[in-house]
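Take a look at the structure set out below.
The values are calculated or read from the model by the stated rules, or taken from the named source; none is laboratory data. Computed from a prediction, not measured in an experiment: that's the story for all the values here. Reconstructed Cβ throughout: ideal geometry from the backbone, glycine too, with neighbour counts over all protein chains shown.
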Amino acid sequence: MVFPETEKIESPEHIPERAARAFDEGSDCLARGSATAAAAMFRRCLEIALKEHSPDIEAWKLEKRIDKLFTEGRITVDLKEWAHRIRLEGNDALHEAEEFTPETAGEMMEFTRMVLMYLYTLPERIKLRIETVEAAKTD
């Protein structure tokens with residue numbers, strides 16, 4: 001069976017290198033039609049990104065780390081629900097016999113991309129914009 005080619009999506013800017021590699025590998029797997037492998041990589045990306053975002057949180061299980069980030073007000077309720085969805089679907093990719101569809105893996109990719117943008121891309125863009133405005137004031 002030949003899957004239709006899908007466009008490879010690059011990882012969002014300003015994210016940790018290891019998370020970017022996992023995201024890019026997942027995107028590449030999805031573009032090649034390997035949906036189950038893609039889903040596993042997006043879960044890996046989420047785990048790496050959350051560990052690097054908050055290394056001070058002592059939680060070795062991804063589930064506990066997500067909950068603690070929410071409890072401490074570092075992520076919104078919607079983001080918590082998305083992160084758990086990625087975690088659970090990624091677990092299914094690794095432990096269930098059923099193969100993932102490209103649609104399900106594509107949805108995981110989009111959820112993962114949004115989490116990364118919220119945690120890394122948007123804060124860095126805001127910081128850079130503030131620095132630009134402040135630098136212009138001193139000129």
Within segment 15-22, does at least one residue satisfy the condition of being modelled with pLDDT under 95 and part of a loop (DSSP other than H, G, I, E, B)?
no
Restricting attention to segment 88-101, report how many residues are under 11 Å from A39 (Cβ atoms) and either under 17 Å from the mean Cα position of the chain (by Cα) or in a helix (DSSP H, G or I) (or both).
7
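Matching residues to (1) among the aliphatic types (A, V, I, L, M); (2) touching a Phe, Trp or Tyr at 6+ places or on another chain (Cβ under 9 Å); (3) modelled with pLDDT of 90 or more; (4) assigned to a helix (DSSP H, G or I):
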{"site": "E58", "(1), (2), (3), (4)": "no, no, no, no"}
{"site": "R74", "(1), (2), (3), (4)": "no, no, no, no"}
{"site": "A83", "(1), (2), (3), (4)": "yes, yes, no, yes"}
{"site": "K127", "(1), (2), (3), (4)": "no, no, yes, yes"}
Could you list, in sequence order, all residues of segment 55-87 that are crowded, with 16+ Cβ neighbours inside 10 Å and of a type in the set (G, A, S)?
A83
Write out, first by first residue and then by second, each pair whose Cβ atoms fall under 7 Å of each other, whose residues are 6+ apart or on separate chains, and whose first residue, in segment 32-47, is more than 22 Å from E17 (Cα to Cα) while the second is part of a helix (DSSP H, G or I).
G33/P102; A35/P102; A35/T104; A35/A105; T36/A93
What pairs can you find where one residue is in segment 52-81 and at negative phi, the other is among the aliphatic types (A, V, I, L, M) and in a loop (DSSP other than H, G, I, E, B), and their Cβ atoms are less than 6 Å apart, with a gap of 6+ or different chains?
R65/I57; R65/A59; K68/I57; K68/A59; L69/I75
